[in-house]
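Engineer: Below you'll find the structure I mean.
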Amino acid sequence: QVQLVESGGGLVQAGGSLRLSCAASGRTFSSYAMGWFRQAPGKERELIAAINWSGRNTYYADSLKGRFTISRDNAKNTVYLQMNSLKPEDTAVYYCAAKQGSIVTMSSLYDYWGQGTQVTVSS
């Protein structure tokens, strides 16, 4: 069992930055692939970044164009999402999720989810 708690969301002006954190409970965090998803009002939840257990393999949605960076610290049981050059269209609830095995893009294949953190980007 893994419990995930996101933090770091908030209100930021366009062009600003935020760093989201996802703290995980459990001794086996280092064996999980982690993903950051987001869901805007009226839209489906989408995977924006993922990282494998070691941190050596990452995935990013094409739409991000290098603005976001995912990383993890297995010693701290935490995964991060650094978001730069934020745009109003980045406004959404951001979720972290965990699954054993390799990175996948389908949300239904992730086993554990956090409660989400709101990110609002003003123009």
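The values are calculated or read from the model by the stated rules, or taken from the named source; none is laboratory data. Because the structure is a prediction, the values reported are computed rather than measured. Please note: Cβ atoms are built from the backbone with ideal geometry, for glycine as well, and neighbour counts cover all protein chains shown. Please note that ligands, DNA and RNA were not included when accessible areas were found on the heavy atoms of the full protein model with its side chains. Shrake-Rupley method; radii C 1.70, N 1.55, O 1.52, S 1.80 Å.
Engineer: Can F68 be described as open to solvent by less than 70 Å² (accessible area, probe 1.4 Å), more than 15 Å from V2 (Cα to Cα) and in contact with a Phe, Trp or Tyr (Cβ under 6 Å, 6 or more places away or on another chain)?
Structural biologist: Values: open to solvent by less than 70 Å² (accessible area, probe 1.4 Å): yes; more than 15 Å from V2 (Cα to Cα): yes; in contact with a Phe, Trp or Tyr (Cβ under 6 Å, 6 or more places away or on another chain): no.
Taking the combined requirement at face value, the residue does not satisfy it.
Engineer: If I filter the range 98-110 for residues that are crowded, with 18+ Cβ neighbours inside 10 Å and either basic (K, R) or closer than 22 Å to G16 by Cα (or both), do I get at least one hit?
Structural biologist: Checked against the condition, which is being crowded, with 18+ Cβ neighbours inside 10 Å and either basic (K, R) or closer than 22 Å to G16 by Cα (or both), the range 98-110 yields at least one hit.
Engineer: Which of the residues belonging to the range 27-50 are out of contact with any helix residue (DSSP H, G or I) (no Cβ under 9 Å at 6 or more places or on another chain) and open to solvent by less than 30 Å² (accessible area, probe 1.4 Å)?
Structural biologist: Of all residues in the range 27-50, those out of contact with any helix residue (DSSP H, G or I) (no Cβ under 9 Å at 6 or more places or on another chain) come to 27-34, 36, 39, 41-43, 50.
Of everything in the range 27-50, those that are out of contact with any helix residue (DSSP H, G or I) (no Cβ under 9 Å at 6 or more places or on another chain) and open to solvent by less than 30 Å² (accessible area, probe 1.4 Å) turn out to be F29, Y32, A33, M34, W36, A50.
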